[in-house]
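Structure record follows, encoded as C-alpha cells.
The values are calculated or read from the model by the stated rules, or taken from the named source; none is laboratory data. All values derive from a computational prediction rather than experimental measurement. Glycine gets a Cβ as well: all are built from the backbone with ideal geometry, and neighbour counts include every protein chain shown. Please note that ligands, DNA and RNA were not included when accessible areas were found on the heavy atoms of the full protein model with its side chains. Shrake-Rupley method; radii C 1.70, N 1.55, O 1.52, S 1.80 Å.
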Amino acid sequence: QVQLVESGGGLVQAGGSLRLSCAASGSIFSINAMDWYRQAPGKQRELVAAITSRGTTTYADSAKGRFTISRDNAKNTVYLQMNSLKPEDTAVYYCRAEITKQDPRVPYAYWGQGTQVTVSS
C-alpha cells in the first residue's frame, strides 16, 4: 500500500507563514510529479503548486511570489512554504503524487487526507 500523510496546517493570522509537509510511504518504486491542491468551502479543488521529479515548479497565479514548493526525493516528501498568507488562502490543502509502486509498476495518482489551513484577518 502507498500512503500520503500531510502535516503542518493550522490557524495563522493574515501576513503569517505556514509550512506544509506531505510524506509518501509504502512500496514505492518511483515518484514523478508531486502537487499541492486546495479546496475552500463551496469551491472546486484547485491546483496551488506542482513540482516534477527534477525540480521544475509551477504555481497558480494566486501563489506566485508567496508560496514555494520543494521536495526531498530521499525522503519522498514534498513541502509547501506559504508566506504572506491572506484570509482567501483559507482552505483544506491536499497533496497529490504520481507514484509507481514496486509491483505492479504502473503510475497512479494518490491523494493525502488533507490538512486545514485557516487564515484570520
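Quick look at the numbers
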item: Test: residue in segment 74-92 that is aromatic (Phe, Trp, Tyr), assigned to a strand (DSSP E or B) and without any contact (Cβ under 8 Å) to a residue 60 or more places away in the chain; result: no
item: Which listed residue, of 77, 58, 90, is among the β-branched types (Val, Ile, Thr), open to solvent by 60 Å² or more (accessible area, probe 1.4 Å) and touching a strand residue (DSSP E or B) at 6+ places or on another chain (Cβ under 7 Å); result: 58
item: Test: residue in segment 102-116 that is surrounded by 12 or more Cβ atoms within 10 Å (Cβ to Cβ), of a type in the set (D, E, K, R) and either in a loop (DSSP other than H, G, I, E, B) or more than 14 Å from the chain's Cα centre (by Cα) (or both); result: no
item: Condition check for residue 54: within 12 Å of the chain's Cα centre (by Cα) and among the basic types (Lys, Arg); result: no
item: Subset of segment 23-44 (residues that are closer than 21 Å to residue 8 by Cα, of a type in the set (A, V, I, L, M, F, W, C) and open to solvent by less than 30 Å² (accessible area, probe 1.4 Å)); result: 24, 33, 34, 36, 40
item: Residues of segment 61-72 classified as open to solvent by less than 50 Å² (accessible area, probe 1.4 Å) and either among the small types (Gly, Ala, Ser) or within 18 Å of residue 90 (Cβ to Cβ) (or both), total; result: 4
item: Selected residue [open to solvent by 60 Å² or more (accessible area, probe 1.4 Å), touching a residue at least 12 places away in the same chain (Cβ under 8 Å) and assigned to a strand (DSSP E or B)] from 47, 20; result: 47
item: Condition broken by residue 68, with the remaining ones in (1) over 17 Å from residue 5 (Cβ atoms); (2) hydroxyl-bearing (Ser, Thr, Tyr); (3) in contact (Cβ under 8 Å) with a residue 24 or more places away in the chain satisfied; result: (3)
